[in-house]
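In what follows, a single structure is set out as structure tokens and then discussed.
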Amino acid sequence: ALSGDASAAALLQTTAAAGDGSSARMWQALGQGLVGKAPRDLYGAADALLTRGFYLHGYRAALAAQDAAEAANQRELGRQARMVANECYRMLADANSLKSRLGTLSDFERDLAHRAASGASSARLGSALHLSPRTVDWHLGRIFLKLHVSGRAELRRLLGDCKGGRNRDQSQYFK
């Protein structure tokens, strides 16, 4: 169903509707979302799949939710779906984890990520690094893509989670 087979999506929807419980509702929402291109149903299913540890299915459902939300001009729901997709992606394999992905950044990118996670604005970062705010935003966009994060808030939360808390030192991840 997640690979685009409409008949499989319809079968998933009707089969899950015959069941009861939260798992049946999750699978029914997924089928319903795929059949009707309904972003809210797809997002709900993706979030439930993430919670239950079905990371690959959650990732695909979240991407479908993001596409459906963008088509329906529902930006906030699309952003939330992208966050779920990113979380699922990071959970799929150790190579996708934030700790591992930080190793793919250059020294400059790690420093910029650290500064951005601390809450500094693009103008402030640009002034400190002798760059324009627009150039800072461009570099941050590349960093977000490499780390599979959707923005500064998610970056701040994840860097805090790396060590088990927001206020702990993250220096070991920036070496």
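The values are calculated or read from the model by the stated rules, or taken from the named source; none is laboratory data. These figures come from a predicted structure and were not determined experimentally. Virtual Cβ from ideal backbone geometry, glycine too; neighbours counted across all protein chains shown. The area values use the complete protein model at the heavy-atom level, side chains included, leaving out ligands, DNA and RNA. Shrake-Rupley method; radii C 1.70, N 1.55, O 1.52, S 1.80 Å.
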Next item on the list: Read through the list (1) in a helix (DSSP H, G or I); (2) open to solvent by 20 Å² or more (accessible area, probe 1.4 Å); (3) modelled with pLDDT under 85, then give the number of the only condition that SER127 fails.
Entry: (3)
Next item on the list: Tally the residues that are open to solvent by 50 Å² or more (accessible area, probe 1.4 Å) and farther than 22 Å from ALA85 by Cα, restricting the search to region 18-42.
Entry: 2
Check: Is it true that ALA120 is free of Cβ contacts under 8 Å to residues at least 40 places away in the same chain and either part of a helix (DSSP H, G or I) or farther than 22 Å from PHE54 by Cβ (or both)?
Finding: yes
Next item on the list: Within region 1-27, count every residue that is of a type outside the set (A, V, I, L, M), within 13 Å of ALA61 (Cβ to Cβ) and modelled with pLDDT of 90 or more.
Entry: 1
Check: Which condition number does ARG52 fail, the rest of (1) in contact with an Asp or Glu (Cβ under 8 Å, 6 or more places away or on another chain); (2) of a type outside the set (A, V, I, L, M, F, W, C); (3) surrounded by fewer than 19 Cβ atoms within 10 Å (Cβ to Cβ) being met?
Finding: (1)
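Hey, could you check region 152-175 for residues that are under 12 Å from ALA113 (Cβ atoms) and modelled with pLDDT of 85 or more and say which is most open to solvent (accessible area, probe 1.4 Å)?
First, pick out the residues of region 152-175 that are under 12 Å from ALA113 (Cβ atoms): 152, 154-156, 158-159, 162, 170, 173-174.
The next check asks that each one be modelled with pLDDT of 85 or more; those that pass are 152, 154-156.
Numbers: ARG152: 60, GLU154: 7, LEU155: 0, ARG156: 95 Å².
If we take residues in region 152-175 being under 12 Å from ALA113 (Cβ atoms) and modelled with pLDDT of 85 or more, then ARG156 is most open to solvent (accessible area, probe 1.4 Å).
Answer yes or no: is there a residue in region 32-40 that is closer than 22 Å to LEU92 by Cβ and polar (S, T, N, Q). Steps first, please.
Going residue by residue through region 32-40, those that are closer than 22 Å to LEU92 by Cβ are 33-34.
Applying the additional criterion that residues be polar (S, T, N, Q) yields none.
No: region 32-40 contains no residue that is closer than 22 Å to LEU92 by Cβ and polar (S, T, N, Q).
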Checklist line | Odd one out for ASN73 among (1) crowded, with 21+ Cβ neighbours inside 10 Å; (2) under 19 Å from the mean Cα position of the chain (by Cα) | finding: (1)
Notebook entry, point to check: So which residues in region 85-105 are closer than 15 Å to LYS146 by Cβ, open to solvent by less than 50 Å² (accessible area, probe 1.4 Å) and in a loop (DSSP other than H, G, I, E, B), if there are any at all?
Noted result: SER97, LEU105
Item checked: Exclusive hit being at pLDDT 85 or above, open to solvent by 20 Å² or more (accessible area, probe 1.4 Å), over 30 Å from ALA64 (Cβ atoms) and of a type in the set (Asp, Glu), set ASP111, ASP137 -> ASP111
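Among GLN32, GLN13, GLN28, which is more than 23 Å from ALA153 (Cα to Cα) and touching an Asp or Glu at 6+ places or on another chain (Cβ under 7 Å)? Steps first, please.
Values: GLN13 fails: touching an Asp or Glu at 6+ places or on another chain (Cβ under 7 Å); GLN28 fails: touching an Asp or Glu at 6+ places or on another chain (Cβ under 7 Å).
Unique residue meeting the criteria: GLN32.
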